[in-house]
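*Asks:* Before I ask anything, here is the structure I am working with.
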Amino acid sequence: MGFSKPHRPLLFITILAIFLQSSTAANTDYTNFIFKGCAKQNFQDPTGIYSQNLKNLLQSLVSQSSQKNFASTTSGDGQNAIMGLYQCRGDLSTAQCYTCVTKILDMMKKLCGEVIALRVQLSGCYLKYEIVGFKQESGTELLFKVCGSTRASGAGFDELRDSGLAAMVSGVKNGFYTGDYQRVFVLGQCESDLSSGDCGSCLKSGVESVKDECGESISGQVYLQKCFLSYSYYPNGVPTINAGSEVVGTKNHTQRTVAIAVGGVAALGFLVVFLMFVRSILKKRKGKHDGWN
């Protein structure tokens, strides 16, 4: 004789587990797409050498992203060579970095096709490559901006924002900085192959750009060739968060993410206990039915 009802709790557990997993994945927001830059020219590659060099380059970069947050390499020789690099945000783990860089590889061909140079920027990382001889741009060239739609109200915003950004420029170490200045949260990062002096110069250019571009917006992000920075203004004070899981400049979302993660751990503990309880019931009921004719 078969039983259907005892299996319903197991179905509930499965559904709830899938829900918790999808909720956590949905809030892993460091892989959100920000912008792309695609060269207009495609590879002229009748022999397939460029395609092979690019494949080797990307495989090398992905492999290294599981071990460190920045790497640059060259694949091929002479005029056939392709140079590339990736960089992850300084507050990401190597596991998060690997996930972020892999996400770029999954989307880059759809975004740009087989072009001779590209850059794809996600919230937590970017990857770029170019053929040897591709035109080089200034490291302080503005590539992209994001300005919040809400305008600051009341006096003192400009001073707080400017002081926070100045603290970021002077406090950056090893190419990365994140911190609070009263009611302003700031983050800045330079490409890891920049000297400390060039990093400071790039961030200073970024500060001028974000002030010019975003004005009185309570949040802003600017991406330059060799660095990027962001600020977020909180009238009631900067919330305490785990910076490693946030999208740059959107900290309230992180608080919800952390809450979901904590709740997920508690729910997982409950599920284990509940599963053991259901298993005990099933075992007892099975024992009774084993004695039936």
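Derivation of every value follows stated rules applied to the coordinates shown; laboratory data play no part. Please read all numbers here as calculations on a predicted model, not as lab measurements. Every residue, glycine among them, receives a Cβ derived from its backbone with ideal geometry; neighbour counts consider all protein chains shown.
*Asks:* Sort out for me the Cα centre separation of the range 159-188 from the range 40-102, rounded to whole Å.
*Replies:* Between the Cα centre of the range 159-188 and that of the range 40-102, the gap is 31 Å.
*Asks:* Name the long-range amide H neighbours of Ala81: under 5 Å, sequence gap of 5 or more, or other chain; modelled H, no Pro or chain starts.
*Replies:* Val132
*Asks:* Of Gly188, Thr178, Leu165, which is farthest along the charge dipole of the range 150-226 in the positive direction, counting Lys and Arg as +1 and Asp and Glu as -1 at C-beta?
*Replies:* So the residue furthest toward the plus end is Thr178.
*Asks:* Next question, about the same structure. What relative contact order, as a whole-number percentage, does the range 53-188 give when Cα pairs under 8 Å and 6 or more residues apart are counted?
*Replies:* 17
*Asks:* Label points 7 Å out from Cα along the Cβ direction at Ser93 and Thr73: separation in nm?
*Replies:* Result: 2.4 nm between the two label points.
*Asks:* Once the Cβ-Cβ distance between Ser153 and Lys204 is put in as r, and R0 is 30 Å, what FRET efficiency do you end up with, to the nearest 0.05?
*Replies:* 0.60
*Asks:* Find how much the distance from Ala166 to Val132 grows on full extension, using 0.36 nm per residue of separation minus their present alpha carbon separation; answer in nm with one decimal.
*Replies:* 8.6 nm
*Asks:* Let me ask something additional. Residue by residue through the range 72-78, which ³J(HN,Hα) values in whole Hz follow from phi under the Karplus form 6.51 cos²θ - 1.76 cosθ + 1.60 (θ = phi - 60°), with glycine and proline marked x?
*Replies:* After applying 6.51 cos²θ - 1.76 cosθ + 1.60, I find 9, 7, 10, 10, x, 10, x Hz.
*Asks:* Once amide H atoms are built 1.01 Å from N in the peptide plane, which residues 5 or more positions from Leu143, or in another chain, come under 5 Å H to H?
*Replies:* Under 5 Å from the amide H of Leu143: Tyr223, Leu224, Gln225.
*Asks:* Let me ask you something else. What is the set of long-range amide H partners of Ala117 at a cut-off below 5 Å, with H atoms built 1.01 Å from backbone N?
*Replies:* Ala39
*Asks:* So what J values fall out for the range 119-129 if you push phi through Karplus, 6.51 cos²θ - 1.76 cosθ + 1.60 with θ = phi - 60°, rounded to Hz, Gly and Pro as x?
*Replies:* Each residue of the range 119-129 in turn: 9, 10, 10, 9, 4, x, 6, 9, 9, 8, 8 Hz.
*Asks:* Now a separate question. Between Ser195 and Ser60, how many nm apart are label points set 7 Å from Cα along the C-beta direction?
*Replies:* Calculated label separation equals 2.6 nm.
*Asks:* On to the next question. Per residue of the range 214-219, what does 6.51 cos²θ - 1.76 cosθ + 1.60 with θ = phi - 60° give for ³J(HN,Hα)? Whole Hz please, x for Gly and Pro, Karplus curve as stated.
*Replies:* 9, x, 8, 4, 6, 8
*Asks:* Of Lys68/Lys211; Lys68/Lys109; Lys40/Lys211; Lys40/Lys68; Lys145/Lys173; Lys55/Lys145, which sit over 29 Å apart, Cα to Cα?
*Replies:* Among Lys68/Lys211; Lys68/Lys109; Lys40/Lys211; Lys40/Lys68; Lys145/Lys173; Lys55/Lys145, the Cα-Cα distance tops 29 Å for Lys68/Lys211; Lys40/Lys211; Lys40/Lys68; Lys55/Lys145.
*Asks:* Ranking request for peptides 184-190, 157-163: highest mean number of other beta-carbon atoms within 10 Å first, then the rest in descending order.
*Replies:* Going from most to least packed, we get 184-190, 157-163.
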